[in-house]
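Accompanying notes for the structure given below.
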Amino acid sequence: MSVLRRVASGVMVNRKKYTLSELYEVIEKICLLKINMDIKKRLLNELIWKISEINGKYNGVRYWTEKALEVKRKRKASEFPKYLTHEHVFSRKYIKEELVEAKDDMGIIKEILHKIQACVVEKKEHKEDLGHK
């Protein structure tokens, strides 16, 4: 079974772990496809999520705000979803648009893929920074 088929079925059906290089390869192939733009963006959106969570939603994330680290020190991992948020450093919308604009330029696509990074922030901090209530 091709990498594209295995990852696509895994994204929709099960929780099998894939390597970062496999996910990158699938995104590169999707960028080359001449398909409906809405479908392409939906696929890219899902894969961007998978890449940002490749090492875990919280504990595997490299970047943490000070307030998030404080929560990490005081709380059990099972309590993280109540107090913390997994956030994208560059928005998924931005990454999707950049990938679509890159079309078939593999050099640019590879640069964009390296921008898919996550950080962990405290939920209160997240709402304040984005102006949410």
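Taken together, the values in this text are just the output of simple stated rules run on the coordinates, not laboratory data. Keep in mind that this is a model prediction, so the values were computed, not measured. Cβ: placed from backbone, ideal geometry, glycine included. Neighbour counts: every protein chain shown.
How high is the relative contact order of the range 3-130? Use alpha-carbon pairs under 8 Å, at least six apart in sequence, and give a whole percent. So the answer I get is 29 percent.
What ranking do 69-76, 107-114, 22-29 get when scored by the average of other Cβ atoms within 10 Å per residue, highest first? Walk me through the numbers on the way to the answer.
On the way: 69-76: 12.8, 107-114: 14.6, 22-29: 18.5.
Going by the mean number of other Cβ atoms within 10 Å, highest first, we get 22-29, 107-114, 69-76.
For the range 17-70, lysine pairs with C-alpha atoms less than 23 angstrom apart, excluding pairs fewer than eight positions apart on the same chain, total 13.
Work out, step by step, the length gained on full extension between Ala77 and Val100: first 0.36 nm times the residue separation, then minus their alpha carbon distance; give nm to one decimal. Intermediate results must be reported in sequence, preceding the final value.
Details: separation 23, 0.36 × 23 = 8.28 nm, distance 3.65 nm.
The span from Ala77 to Val100 would gain 4.6 nm if fully extended.
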